[in-house]
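The values are calculated or read from the model by the stated rules, or taken from the named source; none is laboratory data. What you see is a predicted model, and the numbers here were worked out from it, not measured in a lab. Every residue, glycine among them, receives a Cβ derived from its backbone with ideal geometry; neighbour counts consider all protein chains shown.
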Amino acid sequence: MIWKEEVECMPEAKLAELQGGYLKELVPYIYNNCEVYKKKLDAAGVKPDSIKGIEDIKRLPFTTKEDMRDNYPYGLFSAGQQDVREIHVSSGTTGNPTLVGYTKEDVGLWSDVMARTLCCAGAEPGDTIQIAYGYGLFTGGLGFHYGALEMGLRIIPTSSGQTARQLKIMQDFNPRVMACTPSYILYMAEEAKEMGIDPKKGNWKIGIFGAEPWSEPMRAEIEEAWNMLATDVYGLSEIIGPGVAQECRNKDGLHIFSDVFYPEIVNPTTGEEVPEGQDGELVITTLTKKAIPLLRYRTRDIVCINYEKCRCGRTSPRISKIRGRTDDMIVVRGINVFPSQIEHVLLGIEETEPHYQIVVDRKAHKLDEVEVLVEVNEKIFSDEVKKLNELRAKIKKEIESVLSIGVSVTLVEPKTIERSMGKAKRVVDKRTV
Ligand SMILES: [Zn+2]
């Protein structure tokens, strides 16, 4: 089943015409309603009425994460605050978080692309879905919720955590579709076995996993453990949340809903388009959003794109799994973590040195763990244990309040952390992805 066949299977020329029509309306809308973008477009010499088709997108300026941060909270909004119905906040690099807003129409768009996502993975109206993505400021839970409502699924909104309860609910209600992070589904399999539950025995057909990087071996492990089809979902809150791209049953790239989220793949250094099939940075323009539409947003995710029609019948282009990042952001349990956030905390604590390292690990069947190694100065390190413990607790508390995830902190002697002549190696990611 294809949720919106008329656009998901649209011939290329007709799709370009549709996208061009949207862009012709979008640019004047943004120009007339957002002072920040008006300045950017003026500086780029783009007259809003000069947009004739989708090919003109290349004349538009890029939007970056810094633009969002610098204009926090409302600078990039095109809709008035009275029309904003929902806001979500995600962590930023330092200081200001990223704020995204939705008008009623935007929530409608989100519901639509999430219904397409669920359908693309193989869900069918009437199915029961367990949504174990976090509900709240994180867009995962509510995004799936809106899509499932739109599609006519029966929703069990368990949110994340409380694993024993999740497993009990699974047994009692036999959902056919599961949505959560890939590391959490593996963790639940392990917990299930410990509780004497056979994860293979459910009514499972499909899992929709995302919000953190994962690999083909991990997919095989999930499919084996749960006896389900494990598919990959892609999204980011700046664009809409989950619902930007989704794998179909062929598991050969993620269909990006390009009629509304126009993709370009560029060289991250020059900003020039790279040829089809080559790796580059994914850039997305939101063609129909109202509250905070973005022009050529630099996602910093490295992917390649394939415009060939898929065996499933969809013509929407497919992006690869994320192959890397242009910055040093890491994603842990669905939360974006920037080393600079930790640096910021440490700079505010007198006793520490600005030398640190973040170690992320995914032990077999456990959730991702973050350990922060922090150098302390000679004087402090020779202090009594009680003082060291107090300092460690203080650092832990401050980092956790900034990152919104649990971490462990280890204090190390001066000069323990390897120095680099070039870019410091702030992150050691031991997860096998
Ligand atoms: Zn397909």
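Residue by residue, here is whether (1) among the basic types (Lys, Arg); (2) surrounded by 19 or more Cβ atoms within 10 Å (Cβ to Cβ); (3) out of contact with any helix residue (DSSP H, G or I) (no Cβ under 7 Å at 6 or more places or on another chain) holds:
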position: LYS38; (1), (2), (3): yes, no, no
position: ASP42; (1), (2), (3): no, no, yes
position: ASP49; (1), (2), (3): no, no, no
position: LEU76; (1), (2), (3): no, yes, no
position: GLY80; (1), (2), (3): no, no, yes
For this session: Could you check, for region 151-160, whether at least one of its residues is at negative phi and part of a helix (DSSP H, G or I)?
Result: yes
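Run down THR98, THR117 and say which single residue is buried (at least 19 other Cβ atoms within 10 Å of the Cβ), polar (S, T, N, Q) and more than 28 Å from ASP252 (Cα to Cα). Walk me through how you get there before you give the answer.
Numbers: THR117 fails: more than 28 Å from ASP252 (Cα to Cα).
Matching residue, one of THR98, THR117: THR98.
Determine which member of the set GLU224, GLU238, GLU194 is crowded, with 19+ Cβ neighbours inside 10 Å and not aliphatic (A, V, I, L, M).
When all the criteria are applied, what remains is GLU238.
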Exercise. For THR270, which of the numbered conditions (1) on the phi < 0 side of the Ramachandran plot; (2) in contact with a helix residue (DSSP H, G or I) (Cβ under 8 Å, 6 or more places away or on another chain); (3) more than 16 Å from the ligand (Cβ to nearest atom); (4) not acidic (Asp, Glu) fails to hold?
Worked result: (2)
Problem set entry | Failed criterion for THR270 (all others in (1) out of contact with any Cys (no Cβ under 7 Å at 6 or more places or on another chain); (2) at pLDDT 95 or above hold) | (2)
For this session: Would you check if ARG176 is within 21 Å of CYS248 (Cβ to Cβ), touching a Phe, Trp or Tyr at 6+ places or on another chain (Cβ under 9 Å) and not aromatic (Phe, Trp, Tyr)?
Result: yes
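For residues in region 299-311 being surrounded by fewer than 18 Cβ atoms within 10 Å (Cβ to Cβ) and not β-branched (Val, Ile, Thr), which is nearest to the chain's Cα centre (by Cα)? Break it down into steps so the answer makes sense when it comes.
Of region 299-311, the ones surrounded by fewer than 18 Cβ atoms within 10 Å (Cβ to Cβ) are 302, 306-309, 311.
Okay, now just the ones that are also not β-branched (Val, Ile, Thr), so 306-309, 311.
Values: ASN306: 21, TYR307: 23, GLU308: 25, LYS309: 25, ARG311: 27 Å.
Per the criteria, the residue is ASN306.
Return the only residue of LYS366, LYS387, LYS396 being within 28 Å of LEU142 (Cβ to Cβ) and over 19 Å from the mean Cα position of the chain (by Cα). Can you show your working first?
On the way: LYS387 fails: within 28 Å of LEU142 (Cβ to Cβ); LYS396 fails: within 28 Å of LEU142 (Cβ to Cβ).
Result: LYS366 is the single residue among LYS366, LYS387, LYS396 that is within 28 Å of LEU142 (Cβ to Cβ) and over 19 Å from the mean Cα position of the chain (by Cα).
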For this session: Please tell me if PRO293 is within 20 Å of the chain's Cα centre (by Cα), within 16 Å of the ligand (Cβ to nearest atom) and crowded, with 20+ Cβ neighbours inside 10 Å.
Result: no
Seminar exercise, completed: The condition of being among the small types (Gly, Ala, Ser), within 16 Å of the ligand (Cβ to nearest atom) and either surrounded by 17 or more Cβ atoms within 10 Å (Cβ to Cβ) or not in a loop (DSSP other than H, G, I, E, B) (or both) holds, among SER316, SER340, only for SER316
Exercise. What pairs come up if the first residue lies in region 98-116 and is closer than 12 Å to TYR146 by Cβ and assigned to a strand (DSSP E or B), the second is of a type in the set (Asp, Glu) and modelled with pLDDT of 95 or more, and their beta carbons are under 9 Å apart, counting only those six or more places apart or on different chains?
Worked result: TYR102/GLU86
Exercise. Looking at region 232-255, which of the residues that are out of contact with any Leu (no Cβ under 9 Å at 6 or more places or on another chain) and near the ligand (Cβ under 8 Å from one of its atoms) is farthest from ILE322 (Cα to Cα)?
Worked result: ASN250
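Based on what the data block shows, is TYR31 surrounded by 18 or more Cβ atoms within 10 Å (Cβ to Cβ) and free of Cβ contacts under 8 Å to residues at least 24 places away in the same chain? Break it down stepwise before answering.
Working: surrounded by 18 or more Cβ atoms within 10 Å (Cβ to Cβ): yes; free of Cβ contacts under 8 Å to residues at least 24 places away in the same chain: yes.
Criteria met by TYR31.
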